[in-house]
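Written below as structure tokens is the structure these notes are about.
The values are calculated or read from the model by the stated rules, or taken from the named source; none is laboratory data. What you are looking at is a predicted structure, and each value in this text was computed from that prediction instead of being measured. Because the Cβ atoms are built from the backbone with ideal geometry, glycine has one as well, and the counts that use them run over all protein chains shown. These area figures cover heavy atoms from the full protein model, side chains too; ligands, DNA and RNA do not enter into them. Shrake-Rupley method; radii C 1.70, N 1.55, O 1.52, S 1.80 Å.
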Amino acid sequence: WSGSSGGAYPLALAMAVLCGLMAPMVNYSFAFGQQIADRAMRLGVPQTHAGYAVWPVGLAGGLLPNLAYSFCLLFRNRTWSAFRGPCARDAGLAALMGVFWMGAMSIYGVAAVYLGALGTSVGWGLFQIFNIMAANVSGVLTGEWRDAPPGALRTLYAGLVLLACATVILAAGNR
């Protein structure tokens, strides 16, 4: 709690807790945005695609504060100049990451319909498990874990096994 950063650690911890509490809000918008999806179906959209009508409303709730905070930091820190120069590759990678993220959310939305009444709860759990597993397996494959101590690797592999078991349990519970 002490050090040269002063109150930075408590602030960072509070931010992490806040982010953890806000993370499932995207799923809540999908779960409780059923009226929007119902309206889309009444207009002729198939049930598996009706969830797409919810995403713009649900994602706007995160877009607006993120944009406001980003612009606030860019102006306050006078860091607009960081966008000059050879950043086209980085911008392309960021755009590709956004496409992949929205693609995954779209697949989740369709899968939630097929999962039935528990689709948004079981589906969200599975979605998060696959995100965590994909990130960690990617890290192993790209060498991110190469210099990790054996204990950390054992913990990683045990966690991946537990996540795989959780997947089986969630799937069995949705029958």
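Among residues of region 81-108 that are under 24 Å from Asn131 (Cα atoms), those with a Cβ under 9 angstrom from a residue that is aliphatic (A, V, I, L, M), sequence gap 6+ or separate chain, pair up as Met102/Leu59; Met105/Val26; Met105/Leu59; Tyr108/Leu126. Does at least one position in region 58-68 carry a residue that is in a helix (DSSP H, G or I) and touching a Gly at 6+ places or on another chain (Cβ under 8 Å)? Among the residues of region 58-68, at least one is in a helix (DSSP H, G or I) and touching a Gly at 6+ places or on another chain (Cβ under 8 Å), which makes the answer yes. From the list Ala158, Ala171, Ala104, the one residue that fits, being farther than 30 Å from Ile36 by Cα and in a helix (DSSP H, G or I), is Ala158.
Limited to region 125-175, what total is found for residues that are in contact with a Gly (Cβ under 6 Å, 6 or more places away or on another chain) and either at pLDDT 95 or above or closer than 30 Å to Gly109 by Cβ (or both)?
Residues of region 125-175 that are in contact with a Gly (Cβ under 6 Å, 6 or more places away or on another chain), as a first pass: 145, 170.
Narrowing the set further to residues that are either at pLDDT 95 or above or closer than 30 Å to Gly109 by Cβ (or both) leaves 170.
So the answer is 1.
Collect the residues in region 72-99 that are in a helix (DSSP H, G or I), open to solvent by 90 Å² or more (accessible area, probe 1.4 Å) and either more than 24 Å from Ile36 (Cα to Cα) or in contact with a strand residue (DSSP E or B) (Cβ under 6 Å, 6 or more places away or on another chain) (or both), keeping them in residue-number order. Of everything in region 72-99, those that are in a helix (DSSP H, G or I), open to solvent by 90 Å² or more (accessible area, probe 1.4 Å) and either more than 24 Å from Ile36 (Cα to Cα) or in contact with a strand residue (DSSP E or B) (Cβ under 6 Å, 6 or more places away or on another chain) (or both) turn out to be Phe75, Arg76, Trp80, Phe83, Arg89, Asp90, Met97. Within region 7-20, residues that are at pLDDT 85 or above have Cβ atoms under 9 Å from residues that are open to solvent by 80 Å² or more (accessible area, probe 1.4 Å) in these pairs: Tyr9/Trp1; Tyr9/Ser2; Pro10/Trp1, counting only partners at least 6 apart in sequence or on another chain. Please determine whether any residue of region 135-152 is within 22 Å of Val54 (Cα to Cα), in a helix (DSSP H, G or I) and free of Cβ contacts under 8 Å to residues at least 12 places away in the same chain. No; the residues of region 135-152 include none that is within 22 Å of Val54 (Cα to Cα), in a helix (DSSP H, G or I) and free of Cβ contacts under 8 Å to residues at least 12 places away in the same chain.
Reported count of residues in region 103-122, each being open to solvent by less than 30 Å² (accessible area, probe 1.4 Å) and more than 18 Å from Leu59 (Cα to Cα), is 2. Restricting attention to region 53-69, the residues that are open to solvent by 60 Å² or more (accessible area, probe 1.4 Å) and of a type outside the set (A, V, I, L, M) total 4.
Tell me, which residue of region 155-164 that is surrounded by 11 or more Cβ atoms within 10 Å (Cβ to Cβ) and free of Cβ contacts under 8 Å to residues at least 12 places away in the same chain is nearest to Pro24 (Cα to Cα)? First the steps, then the outcome.
Residues of region 155-164 that are surrounded by 11 or more Cβ atoms within 10 Å (Cβ to Cβ), as a first pass: 155-157, 159-160, 162-164.
Add one more test, that the residue is free of Cβ contacts under 8 Å to residues at least 12 places away in the same chain, and what stays is 155, 157, 162.
Working: Thr155: 26, Tyr157: 26, Leu162: 21 Å.
The qualifying residue nearest to Pro24 (Cα to Cα) is Leu162.
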